[in-house]
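Report on one structure; see the data block that follows.
The values are calculated or read from the model by the stated rules, or taken from the named source; none is laboratory data. Being a predicted model, the structure only gives us computed values, none of them experimental. Counting neighbours? That spans all protein chains shown, and the Cβs are built from the backbone with ideal geometry, glycine included. We work out accessible area using only protein heavy atoms, side chains counted, and drop any ligands, DNA or RNA first. Shrake-Rupley method; radii C 1.70, N 1.55, O 1.52, S 1.80 Å.
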Amino acid sequence: KNQVEQSPQSLIILEGKNCTLQCNYTVSPFSNLRWYKQDTGRGPVSLTIMTFSENTKSNGRYTATLDADTKQSSLHITASQLSDSASYICVVSRGSGGSYIPTFGRGTSLIVHP
Amino acid sequence: NAGVTQTPKFRILKIGQSMTLQCTQDMNHNYMYWYRQDPGMGLKLIYYSVGAGITDKGEVPNGYNVSRSTTEDFPLRLELAAPSQTSVYFCATKAGETGELFFGEGSRLTVL
């Protein structure tokens, strides 16, 4: 069964600290993995995309990694800011011949305290 | 470009009433999706469309209907609203080349 599991479910950190969010998937055939940020009351917005051949990709203070062998991805946030408080959703798309439907994780809720 | 536009943003319905959530996109994407998100939960797929005239059920389609007469519009119809349909509804499109999803701002529906 195609699934995406995220951990932790929620996380509270102090402003300025770093944190890492995890995503494990069983989606096959794999095409790409995206991390989305969803601010409270808003629609999700894409942060970064990881394809099969990519191991690491950065977008400002956000760094995503992908291990296609173990089917794991992580999102590392450096020097957190209050504006990082949001839900972070891992979404995996299937490759050629697969479904049109991306598979969503349930998200990690991050709260950054001053 | 407006991207994905949803209306209304907020709506309160009485049990048994019907309504349509509107979704319009100006990105010329073929794939469109309707999701619902309950408090503290992940997004659940209601219906999706791979192009004008083609729709299919997602994970939680009961109590909803959709149509896709044009590339731009993908309305979601709620018939006989029930309290279990209280949720935030998101419409999304998917870019064909990159696979990136573009979401609307959401429609918050309360059924009393």
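Simple spin-label estimate for residue B:95 and residue B:80 gives 4.2 nm between the two label positions (7 Å along the Cα-to-Cβ direction from each Cα).
Its alpha carbons considered, the stretch B:38-112 gives a radius of gyration followed by a Dmax of 12.9, 42 Å. Rolling a 1.4 Å probe across all protein chains gives residue A:104 an accessible area of roughly 30 Å². For chain A, the per residue solvent-accessible surface stands at 49 Å², with DNA, RNA and ligands left out and a 1.4 Å probe. Quantify, in whole percent, the carbon and sulfur part of the accessible surface of the stretch B:15-112 (1.4 Å probe; protein heavy atoms only). Answer for the stretch B:15-112: carbon and sulfur cover 49 percent of the accessible area.
How much accessible area is lost when chains B and A come together, counting both sides, with a 1.4 Å probe, in Å² rounded to the nearest 100? When B and A are taken together, about 1500 Å² of accessible area is lost.
Here residue A:5 and residue B:69 are evaluated by their C-beta separation; at R0 = 30 Å the FRET efficiency comes out at 0.20. Each Cα pair under 8 Å and six or more residues apart adds its sequence gap; the mean of these over the residue count of chain A is a relative contact order of 37 percent. Take the Cβ atoms of residue B:59 and residue A:83, set R0 to 30 Å, and the FRET efficiency comes out at 0.45. Of the trypsin sites (Lys or Arg not before Pro) found in the stretch B:1-66, those in coil by DSSP whose Cβ has at most 12 other Cβ atoms within 10 Å are B:9, B:14. The string of couplings for the stretch A:38-50 from the Karplus curve (6.51, -1.76, 1.60, θ = phi - 60°) is 10, 6, 4, x, 10, x, x, 10, 5, 9, 7, 10, 10 Hz, one whole number per residue in order, with x for Gly and Pro. When the alpha-carbon atoms of the stretch A:3-85 are used, the pair Rg, Dmax equals 12.9, 39 angstrom. Per-residue Karplus couplings for the stretch B:85-95, computed as 6.51 cos²θ - 1.76 cosθ + 1.60 with θ equal to phi - 60°, are listed in order as 8, 5, 5, 9, 10, 10, 9, 9, 10, 10, 5 Hz, Gly and Pro entered as x.
With all protein chains in place and ligands, DNA and RNA left out, the 1.4 Å accessible area ranks A:1, A:37 as A:1, A:37, largest first.
Among the listed pairs A:1/B:9; A:57/B:9; A:17/B:44; A:71/B:9; A:71/B:57; A:17/A:37, those whose Cα-Cα separation exceeds 30 Å are A:1/B:9; A:57/B:9; A:17/B:44; A:71/B:9.
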